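Undergrad: The structure is given below, and queries will be raised subsequently.
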Amino acid sequence: MSRVGVIGAGYVGLTTAACLAHLGHDVVCADVDVEKLARLAVGDLPILEQDLPEMVQTELARGRLSFVLGAAAAARDSEFVFLCVPTPQAPDASADLSYVEAALREIAPVLQPTSVLIAKSTMPPGSSRFVQRVLHEHPGAECVAVASNPEFLREGSAVNDFLNPDRIVIGCDDPAVAVRVSSLYKGVQAPLLVTDCASAEMIKYASNTFLATKISFINAIANLCESLDADVRAVTLGMGYDHRIGFDFLAPGPGYGGSCLPKDTAALIRAGEAAGYDFSLLRGVSDVNDAQFARIVEKVRTAAVRLDGVRVAVWGLTFKAGTNDLRDSPALQIVRRLLDEGALIAAYDPATGPEAADALVPREIVIPEAEVALAGDGRGRSMFAAPDLISIDDQSEIAVDRFFVAPDPYEACRGASVLVVLTEWDDFRWLDFPKVASLMRSPAVVDARNLLDPAALRRCGFAYQGVGR
Ligand code: NAD
Ligand code: UGA
């Protein structure tokens, strides 16, 4: 069993650290977030992730997993060092490798010459050369081997995906190093593909952008179904039985989101541009996705007749069910647009609370603290106390004071003219719809996830709009 350092205790790093400890390795996981580390050290996870808390607690108790502050502390004395830091979207849409570079500069002085640096962060094809260049600037680190080991886990099922992957991909120019890296996965049953670094990196982008393409394709088909009186659910069933197509990733909805598909699609388009290739197909995928957000807003407008001053209930804020992650959530995109049009939003999500208001303000915008005194009203609501409108820039203003988080799904609907279902939480299917109808000003629903039963809702007096049906 090996001594492993993991840099970054986020979705990927924490899952990698816990699962490798579960497989028997001695794992030290580092982060820079002191508050997060203090919670993790006692087995308290800041993220909602099935099976992960139990695994972290078990491995902490066994002594196979520990948490440290700073990348160097995890890299020192480790035979293998996994890089699991963010690679967010840069302003020019490329992948921002600054976190990767900063982490590399921290660990380079303490890496052992026999260590292997394994990149799990998603980085554009060719980035391993960048990793090597940064390491080479540090005397002693130039002989550290570099491998790319892209991660394919999904949030919400991260542990299961890590331990039961469809494949393990190892990119490395030295076959002996690839064998050493593959030994870490002993106990995991999966096809192993060993290739060069650039191909491994491309496999990750090609996979994520293909998934995005599937979703935009089915959203486009769903939109056409609406005009041509077809039902997209029958269409996807008929398509899915063809094993060359399959059933997965054919659920139409409000558009794809999350911390990866949008930014990885943008980064591959950008990487294509830099390489002189216009990836028009992916630009189309991204355009269809943007248009889907607007289409859901249009459905709400149709249901409510107008949006200005109208109260809209929103069920679901996270980017999909099973996670509390709000990063790049389609629900927030749609809520922002509804707010821009003057709607009042009462939202409910089983995995998030008033903190969702913070996520409504685009991350890159820094607003002076005095202007955004965040206040709770004691009833589970959160609102910005002042001013009424927060100026973001000349084009965009977000009226966050017209957004509040309700303590339960019924309260969100009180006095609303329309209900929009934006995340596919199963709980929403089993609510008391006659009660929901009685609380609303007029019972109308826009079911952006095709989650609810239209016939049952119509029986309760609802006007129903789904996607592609
Ligand atoms: P995350 O934001 O959840 O976690 C990253 C962590 O790294 C944070 O806790 C941050 O504090 C920490 N960090 C940043 N700089 C550091 C440093 N110098 N030293 C130590 N810790 C540092 O990110 P994530 O979702 O886990 O994604 C990480 C990478 O994995 C990205 O490249 C992403 O594209 C890729 N990825 C993510 C997923 C997913 O489902 N989230 C799946 C596959 C691949
Ligand atoms: C995605 C990939 O599925 C993972 O394989 C990959 O490792 C990860 O990105 C990553 O690189 O970070 P994740 O972001 O957790 O995983 O979420 P998905 O389950 O892929 O969903 C992404 C978005 O697509 C969500 O908004 C979801 O609601 C939407 N979606 C998904 C649909 O609209 N329809 C579908 O049929 C499937």
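Undergrad: Kindly provide the set of residues from the range 75-89 that are more than 13 Å from ligand 1 (Cβ to nearest atom) and farther than 14 Å from A30 by Cα, ordered by number.
TA: Within the range 75-89, just E79 meets the criteria.
Undergrad: Identify the residue in the range 2-45 that is on the phi > 0 side of the Ramachandran plot and away from ligand 1 (no atom under 15 Å from the Cβ) and, among all such residues, is nearest to the chain's Cα centre (by Cα).
TA: G43
Undergrad: If a residue has to be part of a helix (DSSP H, G or I) and touching a Ser or Thr at 6+ places or on another chain (Cβ under 8 Å) to count, how many in the range 301-317 make the cut?
TA: Total satisfying the criteria: 2.
Undergrad: If you don't mind, there's one more thing I want to ask. Could you tell me whether V285 is in contact with a helix residue (DSSP H, G or I) (Cβ under 6 Å, 6 or more places away or on another chain) and closer than 28 Å to L338 by Cβ?
TA: yes
Undergrad: Which residues, taken from the range 245-270, are small (G, A, S), surrounded by 22 or more Cβ atoms within 10 Å (Cβ to Cβ) and farther than 14 Å from A331 by Cα?
TA: Matches in the range 245-270: A267 only.
Undergrad: Is it true that some residue in the range 268-283 is in contact (Cβ under 8 Å) with a residue 24 or more places away in the chain, within 16 Å of ligand 1 (Cβ to nearest atom) and out of contact with any Leu (no Cβ under 9 Å at 6 or more places or on another chain)?
TA: Scanning the range 268-283 turns up at least one residue that is in contact (Cβ under 8 Å) with a residue 24 or more places away in the chain, within 16 Å of ligand 1 (Cβ to nearest atom) and out of contact with any Leu (no Cβ under 9 Å at 6 or more places or on another chain).
Undergrad: Do we have any residue at all in the range 139-150 that's within 16 Å of ligand 2 (Cβ to nearest atom) and not hydroxyl-bearing (S, T, Y)?
TA: yes
Undergrad: Out of G246, G258, which single residue is more than 14 Å from F210 (Cα to Cα) and not aliphatic (A, V, I, L, M)?
TA: G258
Undergrad: Right, another one. Are there any pairs with C-beta distances below 7 angstrom linking a residue in the range 147-173 that is in contact (Cβ under 8 Å) with a residue 12 or more places away in the chain and more than 16 Å from C84 (Cα to Cα) to a residue that is β-branched (V, I, T) and part of a helix (DSSP H, G or I), with the two at least 6 apart or on different chains, and if so which?
TA: C172/V181
Undergrad: Condition first: open to solvent by 40 Å² or more (accessible area, probe 1.4 Å), more than 16 Å from ligand 2 (Cβ to nearest atom) and closer than 20 Å to H136 by Cβ. Now tell me which residues in the range 77-120 satisfy that. Give the derivation first.
TA: Taking the range 77-120 and keeping what is open to solvent by 40 Å² or more (accessible area, probe 1.4 Å), we get 77, 79, 86, 88-89, 91-92, 96, 98-99, 101-102, 105-106, 109, 112-114.
Restricting the remaining residues to those that are more than 16 Å from ligand 2 (Cβ to nearest atom) gives 77, 79, 91-92, 98, 101-102, 105-106, 109, 112-114.
Across the range 77-120, the qualifying residues are S98, E101, A102, R105, E106, P109, Q112, P113, T114.
Undergrad: Now for a different question. Residues that are within 22 Å of the chain's Cα centre (by Cα) and at pLDDT 95 or above, at least 2 per element: which helices (runs of 4 or more DSSP H) completely within the range 119-213 meet that?
TA: 158-163
Undergrad: Considering every residue within the range 229-239, establish whether at least one is in a loop (DSSP other than H, G, I, E, B), open to solvent by 60 Å² or more (accessible area, probe 1.4 Å) and free of Cβ contacts under 8 Å to residues at least 40 places away in the same chain.
TA: yes
Undergrad: Checking L60 against (1) within 19 Å of N324 (Cβ to Cβ); (2) crowded, with 18+ Cβ neighbours inside 10 Å, only one condition comes out false. Which one?
TA: If we test L60 against (1) within 19 Å of N324 (Cβ to Cβ); (2) crowded, with 18+ Cβ neighbours inside 10 Å, just (1) comes out false.
Undergrad: State yes or no: is I47 more than 16 Å from ligand 2 (Cβ to nearest atom) and closer than 30 Å to T352 by Cα?
TA: no
Undergrad: Assess whether D196 counts as being away from ligand 2 (no atom under 16 Å from the Cβ) and free of Cβ contacts under 8 Å to residues at least 24 places away in the same chain.
TA: no
Undergrad: Taking the range 1-22, which residues are under 20 Å from L326 (Cβ atoms), of a type in the set (A, V, I, L, M, F, W, C) and either open to solvent by less than 30 Å² (accessible area, probe 1.4 Å) or free of Cβ contacts under 8 Å to residues at least 60 places away in the same chain (or both)?
TA: Answer for the range 1-22, where residues must be under 20 Å from L326 (Cβ atoms), of a type in the set (A, V, I, L, M, F, W, C) and either open to solvent by less than 30 Å² (accessible area, probe 1.4 Å) or free of Cβ contacts under 8 Å to residues at least 60 places away in the same chain (or both): A9, L14.
Undergrad: Conditions first: (1) among the hydroxyl-bearing types (S, T, Y); (2) part of a loop (DSSP other than H, G, I, E, B); (3) crowded, with 16+ Cβ neighbours inside 10 Å. Y464 passes all but one, so which condition is the exception?
TA: (2)
Undergrad: For T323, only one of the following conditions fails: (1) surrounded by fewer than 24 Cβ atoms within 10 Å (Cβ to Cβ); (2) assigned to a loop (DSSP other than H, G, I, E, B); (3) touching a residue at least 12 places away in the same chain (Cβ under 8 Å). What is its number?
TA: Result: T323 passes all but (1).
Undergrad: Show the residue pairs that are 6+ apart or on different chains and have beta-carbon atoms under 7 Å apart, the first residue being within the range 23-37 and closer than 11 Å to G63 by Cα, the second being in a helix (DSSP H, G or I) and within 10 Å of ligand 1 (Cβ to nearest atom).
TA: What qualifies is V28/A74.
Undergrad: Looking at the range 426-448, which of its residues are charged (D, E, K, R), in contact (Cβ under 8 Å) with a residue 24 or more places away in the chain and open to solvent by 50 Å² or more (accessible area, probe 1.4 Å)? Before the answer, list the steps.
TA: Filtering the range 426-448 down to residues charged (D, E, K, R) leaves 426-427, 429, 432, 435, 441, 447.
Next cut, in contact (Cβ under 8 Å) with a residue 24 or more places away in the chain only: 426-427, 429, 435, 441, 447.
Hits for the range 426-448 are D426, D427, R429, K435, R441.
Undergrad: In this structure, is P139 of a type outside the set (G, A, S) and away from ligand 1 (no atom under 12 Å from the Cβ)?
TA: So P139 fits the description; yes.
The values are calculated or read from the model by the stated rules, or taken from the named source; none is laboratory data. Note that the structure is predicted; figures quoted are calculated from it, not measured. We place every Cβ from the backbone using ideal geometry, glycine too, and count neighbours over all the protein chains shown. Keep in mind that these areas ignore ligands, DNA and RNA; they rest on the heavy atoms of the full protein, side chains included. Shrake-Rupley method; radii C 1.70, N 1.55, O 1.52, S 1.80 Å.
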